[in-house]
Amino acid sequence: MVQHDPARASATEPVSGAEVTAFVGERVRELRRDLDLTLERFAERAGISIGMLSKIENGQTSPSLATLAGLAGAAGVPLTSLFRGLDEERDALLVRAGQGIPIDHEGANEGRIYEDLGALRGPRREIEPVLVTILDDSEVFPLFQHPGVELLYVLEGRFEYGYGSKRYELAVGDTLQFQGEVPHGPTRLIEVPVRFLTMKVQTPG
């Protein structure tokens, strides 16, 4: 289990109206997706138009209190939850060695372990750090695609990593950066165990 051992520093700058609007929009989208509802269905439950909901989720309009109440009701949460985390103290997140959260990742099994190293509080996750450990090559490796960019740093072992049509042989201390939309992933193990840290970063927009 991840342990939070935050070194807190108070946020002294006031939160702007634009930041509140963007924050609420991200929170509404997150709640709607958690419920696996379409824009149309969620807007219907909230008593607003699809166009209005789209503008709210994209931070293009500041909803009234009545609209906020409708959104909260549609999501089945208290009104205050739409603002939770907006003006909290800035946290540092400490994850002790061996205490990452195992991820039910595509391709994960006893010989291939993915550990989430935690996320700071906020309306959306900007950085996704994952520790990957591969103990054997008994199965075919899946290739991945995702938005944003990724940085990979090798901690142990040697292996070949595919990126599109290219192949890179990586060893301890090597770093590889690439665009997440291009298919990528380990393609051949040379020395096991293999362990590397990946950092997925969501680009603006």
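Okay, here's what the table says:
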{"item": "From the options G51, G59, residue that is within 21 Å of the chain's Cα centre (by Cα) and either under 20 Å from R84 (Cβ atoms) or not in a loop (DSSP other than H, G, I, E, B) (or both)", "result": "G59"}
{"item": "Test: R112 is basic (K, R), modelled with pLDDT of 70 or more and within 30 Å of T187 (Cβ to Cβ)", "result": "yes"}
{"item": "Test result for E44, farther than 28 Å from Q145 by Cβ, of a type in the set (D, E) and modelled with pLDDT of 90 or more", "result": "yes"}
{"item": "Any hit, the stretch 171-191, residues being without any contact (Cβ under 8 Å) to a residue 24 or more places away in the chain and under 15 Å from V132 (Cβ atoms)", "result": "yes"}
{"item": "Any hit, the stretch 93-101, residues being modelled with pLDDT under 80 and either in contact with a Pro (Cβ under 6 Å, 6 or more places away or on another chain) or farther than 29 Å from P142 by Cβ (or both)", "result": "yes"}
{"item": "Hits in the stretch 13-41 - residues which are modelled with pLDDT under 90, in a loop (DSSP other than H, G, I, E, B) and not polar (S, T, N, Q)", "result": "E13, P14, V15"}
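Residue by residue, here is whether (1) under 19 Å from E115 (Cα atoms); (2) of a type in the set (V, I, T); (3) assigned by TED's automatic domain parsing to the domain that holds L152 holds:
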{"position": "K166", "(1), (2), (3)": "no, no, yes"}
{"position": "E169", "(1), (2), (3)": "no, no, yes"}
{"position": "G180", "(1), (2), (3)": "yes, no, yes"}
{"position": "T187", "(1), (2), (3)": "no, yes, yes"}
{"position": "V194", "(1), (2), (3)": "yes, yes, yes"}
{"position": "L197", "(1), (2), (3)": "yes, no, yes"}
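The values are calculated or read from the model by the stated rules, or taken from the named source; none is laboratory data. Remember, it's a predicted structure, so these values are computed and weren't measured experimentally. Don't worry about glycine lacking a Cβ; one is built from the backbone with ideal geometry, like all the others, and counts go over all protein chains shown.
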